[in-house]
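Undergrad: For reference, the structure I am asking about is given below.
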Amino acid sequence: MKTQVTYSFVIPFMNEEDVLDALLTRMTDLMSALDGPCEVIFVDDGSRDTGAAIIAAAARRDPRIKLIRLSRNFGHQIAVTAGLNTVCGKAVIIMDADLQDPPEVVHELIAQWKDGYEIVHAQRRTREGETRFKKVSANLYYRVLARLSSVDIPRNVGDFRLVDAKVVKAIRSMPERDRYLRGMFAWVGYRQTIVQFDRPQRLAGETKYPLKKMLRLAMDGVIGFSDAPLRLALWLGMIVSLSAMAYGVYIFAVAFFTDGLVAGWASTIVILSFLSGMNLLISGVIGLYVGRIHNESKERPLYFISESIGVTEVAQMPQPRLVSHG
Ligand code: UDP
Ligand code: MG
């Protein structure tokens, strides 16, 4: 018999053994303070430590705690997706494992949901213990993304949010491989609102988002939600050809009115290298988009589950049909 779940939590983790005990305590406290039946789906994104064993032990004691283990590290966004595919609550809350998304804020998210909002983003008012570089670059990035993207992606909002079951259904129907969830949640529409919170330091361990992964996620955001980089080619091409035309007029004038037309080695080299640089840049930009098409066209499943505890339902994601197999 299936019990009705009101609140589902999705918590992805990778190598977080130092924080899991504290997290389990805080989550149990939170669940007993809430006004409906709960479940917590922990998604092990290919941890190499004892994290999965800690959660598995807790899951055997408490049926509200559930565990899915992915077959390897697929990345944070895919781990969250795997969790979303198994939840059955009326409201679903996505949180980080390191307690940087404070469980207390969940009460405020739920209050907004009860007021009729289907997506409640938790926005970072301040970020404690993060480097100046991360704060400045994140701020700049969100500004650029807001400019470029066709949907309104709220600034300084990570993956901490509450979404209604309707929204989960919508996200499940989006099979894209390069997943930028905060963009996808903004894109689906519905009634959305923001709750602000002060982001504390990570409880223990270190960030699992090194610069390389952060850049990758940033790229997924820009490329997945904007075609401005592609349009750049058009503008640059136009500016370059207009300058070339102006330069042609100048050369013509020099040749016509003076007799001092010198062999312009320097200008030739400058123009040549400028143009080939431009060509490489634009092919690179196009390559980024083609790479994504390549990735989609393989039509591979997003992830594999190697083991699970307590999970009864797994939603099947639709397969994209880019290539006809007829
Ligand atoms: N995480 C994950 N897979 C990854 C990287 C991160 O499941 O490949 C989890 C991580 O364990 C944490 C959450 O995603 O629960 C956010 O990561 P982190 O706290 O390291 O990011 P930051 O807060 O530093 O941006
Ligand atoms: Mg963190």
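Undergrad: With each run of n ≥ 4 DSSP H residues scored as -39500 (n - 2.57), what mean residue ellipticity at 222 nm is computed for the chain after dividing by its residue count and rounding to the nearest 500 deg cm²/dmol?
TA: Calculated from helices alone, the mean residue ellipticity at 222 nm is -16000 deg cm²/dmol.
Undergrad: Among all helices in the chain defined by DSSP H, which have a length of 30 Å or more along the axis from Cα atoms plus a Kyte-Doolittle mean of at least -1.0?
TA: TM-like helix candidates: 228-257, 265-297.
Undergrad: Counting only pairs 8 or more places apart or on different chains, how many lysine pairs in the chain have C-alpha atoms closer than 25 Å?
TA: Eligible lysine pairs with Cα atoms under 25 Å apart amount to 23.
Undergrad: Using a 10 angstrom cutoff on alpha carbons, build the Gaussian network for the chain and name the most mobile of Ile11, Ile286, Ile68.
TA: For the chain, modelled as a Gaussian network with Cα springs under 10 Å, the answer is Ile286.
Undergrad: Order 131-143, 53-65 from most to least packed using the mean count of other Cβ atoms within 10 Å.
TA: 53-65, 131-143
Undergrad: Report, in whole Å, the centroid distance computed from the Cα atoms of segment 143-216 and segment 1-53.
TA: Comparing the Cα centres of segment 143-216 and segment 1-53, I get a distance of 20 Å.
Undergrad: With the dipole of the chain worked out from charges on the C-beta (+1 for Lys and Arg, -1 for Asp and Glu) around the Cα centre, which of Ile286, Gln112, Ser241 lies farthest toward the positive end?
TA: Farthest towards the positive pole: Ser241.
Undergrad: Estimate the FRET efficiency between Leu281 and Val314 by the formula 1/(1 + (r/R0)^6), using the beta-carbon distance for r and 35 Å for R0, to the nearest 0.05.
TA: 0.20
Undergrad: OK, next. Evaluate the charge dipole of the chain about its Cα centre and quote only its size in Debye, nearest 20, assuming +1 on the Cβ of each Lys and Arg and -1 on the Cβ of each Asp and Glu.
TA: 440
Values in this text are rule-based calculations from the coordinates and carry no lab data. The structure presented is a predicted model; accordingly, all values stated were derived computationally and were not measured. All Cβ positions, even for glycine, are placed from backbone atoms using ideal geometry, and neighbour counts span all protein chains on display.
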